[in-house]
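Okay, structure first, notes after.
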Amino acid sequence: MDAQIAHVESFHDPATSTFTHVVFDGEGGRAAIIDPVLDYDPATTRTSTTSAQRVLDFVHAHGLHVDWILETHAHADHLTAAAWLKRETGAPVAIGRGITKVQERFKVLFGLEDDFAVDGSQFDHLFNDGDGFNIGQLTARVMATPGHTDDSLTYVIGDAAFIGDTMFAPETGTARVDFPGGDAHKLYRSIHRLFDLPADTRIFLCHDYPQGREARALTSIADQEQHNIHVGGGASEDAFVEMRLKRDATLAAPKLIDPALHANIRAGVLPS
């Protein structure tokens, strides 16, 4: 049976090169918001909801009811607007169960308070690999795609897959693996799980870093498998791991990693 057609609207945040996606089953129907961005000014350390409000305005304009706020992982490059959107919509916030490992590591690295819970209880729901759920008439399932982080997930919703940071556009490559818990071998195997999806699955990116073109949110399995500069064209696992480790050794830390992870491991609730 053919996959259901998911309606998707993508919103680009140029400050962090992030895409937020709204996936819904039709006009006036049910929706999920994936990887929402909370605007953050590092010079003043102040936040604003301009980007999240754009998403919410779209939801209201199309008469959508938000069933879920979904995180593909605890991001290190932007703050999540999940907590604000939960207050505005009443929708639960979900992430992968691997968030508990991320919380454990960063509780130690950040010297967080003793009573900071590392059981994922800051989130309303923790997904496991293979879990299924619904967004109105759309059937969704969860694929654990670790490697970039322990908690990285792909959401396969109808004929669309939302892959987080696992891959970028083919000419840009793949996610880094030098954060605590990162693993290049796991990332390679996760990507090859994605390559096993049906050929007509639409692939929605969380980030794009264009050079000389407009940012794009959408790619395809065939394009990634054939042309991704890091893992495409039949690249072996050993060659990928060697390339990834060498490349990561040259990369600077994300500019917002400290405030982003402090907020994002708390489901977007800003720490005091």
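Odds and ends about this structure:
- Scattering profile of the chain at q = 0.08, 0.16 Å⁻¹ [log10 I(q)/I(0), Debye over alpha-carbon scatterers]: -0.29, -1.29
- Relative exposure of 88, 113, judged by other C-beta atoms within 10 Å (fewest first): 113, 88
- Which of 166, 50 has the fewest Cβ neighbours within 10 Å, and the rest in rising order: 50, 166
- For segment 1-140, the fraction of C-alpha pairs farther apart than 27 angstrom is 24 percent.
- Our coupling estimate for segment 233-247, obtained by passing each phi through the Karplus curve with A = 6.51, B = -1.76, C = 1.60 and θ = phi - 60°, is x, x, 4, 6, 4, 4, 5, 4, 4, 4, 4, 5, 5, 5, 5 Hz, Gly and Pro reported as x.
- Label-to-label distance for residue 107 and residue 61 is 4.3 nm, based on points extended 7 Å past Cα in the beta-carbon direction.
- Here the Debye sum runs over all C-alpha atoms of segment 181-253 as equal scatterers in vacuum, and log10 of I(q)/I(0) at q = 0.20, 0.21 Å⁻¹ comes out as -1.03, -1.11.
- Under 5 Å, built H, 5+ apart or other chain: amide partners of residue 139: 158
- Residues whose amide H falls under 5 Å from that of residue 38, counting only those 5 or more places apart or on a different chain, are 79, 80, 81, with hydrogens built in the peptide plane.
- The ellipsoid that matches the Cα gyration tensor of segment 113-272 has semi-axes, each √(5λ) in whole angstrom, of 26, 22, 15, with the longest given first.
- For 152, 48, order by how many other beta-carbon atoms lie within 10 Å, fewest first: 48, 152
- Mean separation of Cα contacts under 8 Å, 6 or more apart, over the residue count of the chain: relative contact order %: 18 percent
- Sorted peptide list for 91-102, 33-44, criterion being average Cβ within 10 angstrom, highest first: 91-102, 33-44
All of the numbers you see were taken from the coordinates with simple rules; none came from a lab. Because the structure is predicted, anything quoted here is derived from the model rather than measured. For neighbour counting, all protein chains shown are included, and Cβ atoms are generated from backbone atoms with ideal geometry for every residue, glycine included.
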